[in-house]
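Written below as structure tokens is the structure these notes are about.
Just so you know, all these numbers are worked out from the coordinates, no wet-lab data involved. Predicted model, so just to flag it, every value in this text is computed and none were measured. Cβ atoms come from the backbone with ideal geometry, glycine included; neighbour counts cover every protein chain shown.
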Amino acid sequence: MLALRVLSAAVAIPLLVVLIRFAPLWLFSAFILALVLTAQWELYRMFTGVGSAADRGLGLLLGVMVVLAFAFGGPPRPLLVPLALSLAVAGSLAMGLARARGQRPEWTGTALTLLGVCYCAWLLAHVIWLWTLPGGRNLTLLLLGVTWCGETAAYFVGRRWGRVKLAPRVSPAKTVEGAVAQVLGSIAAALVGAAAAVVSPVHAVGIGLTLGTVGQVGDLAESLLKRSAATKDAGGLVPGHGGLLDRLDSLLFNVPALYYYVKLFLHG
């Protein structure tokens, strides 16, 4: 398992660095859209085994709409993103009403459809806004480095020294020792990458602390979803990691966390 993880990272990380550093906006947005749709598909498929059927077609269509709103929205068109999210909520509920005719009303499919849009598309699409900020390409690389270094520290420290369970009902393998290591590893990675991202040491500590903490919430949230769906992995797309959703769990929470940190404390 460890060898597969290392091999996956050795292949994916250089490609991601090149994409983030040199891709035009349309290509970067298309890449994020592909990630979103894949993660949504895994989420919807994961719950079919426990009898919760989302409207996959509608959910994916709404996910596309939300990502495109982030790509074409922003300061010049500030209404696109709230409009897209409003249409996603209204559209999911309207489809649920249409399907409730002549049978007992069932809300779980509608809720799951909307969850896929909000959880995968809404959260991850913030990386398009982060990437387009001044210095945003380096900030995006900082995001990945801090998140993955923190996760790596948690993995090795938890396996070697972990004793106290962090959330045994949700993720039995996670430990308090690993959680502390993730925060410290995230802070260290942020300090190392601060100069390239033009971030002061003080804010590097703030970013590391924020991402090291919020990322763990994202990881546990996805673990809760998998436990609710009675499955170990969201899929098998990424060797050594499971599905794409398993690889994005911390990033789904860390992307908006870093974007709003930068907007509030660095650009505010």
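Of the chain, which part is the longest with no trypsin sites (Lys or Arg not before Pro) in a loop (DSSP not H, G, I, E, B) and with at most 10 other C-beta atoms within 10 angstrom? Kindly include the intermediate steps, with their values, before the conclusion.
On the way: sites that count: Arg101, Arg163, Arg169, Lys232.
No qualifying site falls inside 1-100, the longest such stretch.
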Taking the Cα atoms of the chain alone, what are Rg (to one decimal) and Dmax (as a whole number) in Å? 18.8, 62
Label model pair Leu209, Ala3: point-to-point distance (7 angstrom along the Cα→beta-carbon line) in nm is 4.2 nm
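Normalising by the residue count of the chain, find the relative contact order in percent from Cα pairs under 8 Å and 6+ residues apart.
On the way: 375 pairs, mean separation 56.3, N = 268.
Over the chain, the number comes to 21 percent.
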Specify which residue in the list Leu85, Val192, Leu25 is farthest towards the positive end of the charge dipole of the range 2-266, using unit charges on the beta carbon of Lys, Arg (+1) and Asp, Glu (-1), about the Cα centre. Leu85
Given a Förster distance of 22 Å, report the FRET efficiency between Val11 and Thr152 from their Cβ-Cβ distance, rounded to the nearest 0.05. 0.85
Count of lysine pairs in the chain with Cα separation under 30 Å (8 or more residues apart, or interchain): 5
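Suppose every Lys and Arg Cβ carries +1 and every Asp and Glu Cβ carries -1, with no other charges. What dipole size does the range 2-266 come out with about its Cα centre, to the nearest 20 debye?
Numbers: 20 positive and 10 negative charges, 62 e Å.
Value, rounded to 20: 300 debye.
Summing -39500 (n - 2.57) over the DSSP H runs of n ≥ 4 in the chain and dividing by its residue number, what mean residue ellipticity at 222 nm do you reach, to the nearest 500 deg cm²/dmol?
Details: 10 runs with 188 residues, N = 268.
Rounded to the nearest 500, it is -24000 deg cm²/dmol.
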Please compute the length gained on full extension between Arg163 and Ala98, using 0.36 nm multiplied by the number of residues separating them and subtracting their Cα-Cα distance. 18.3 nm
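Within 10 Å of each residue's Cβ, count the other Cβ atoms and sort Cys118, Cys149 from fewest upward.
Cys118, Cys149
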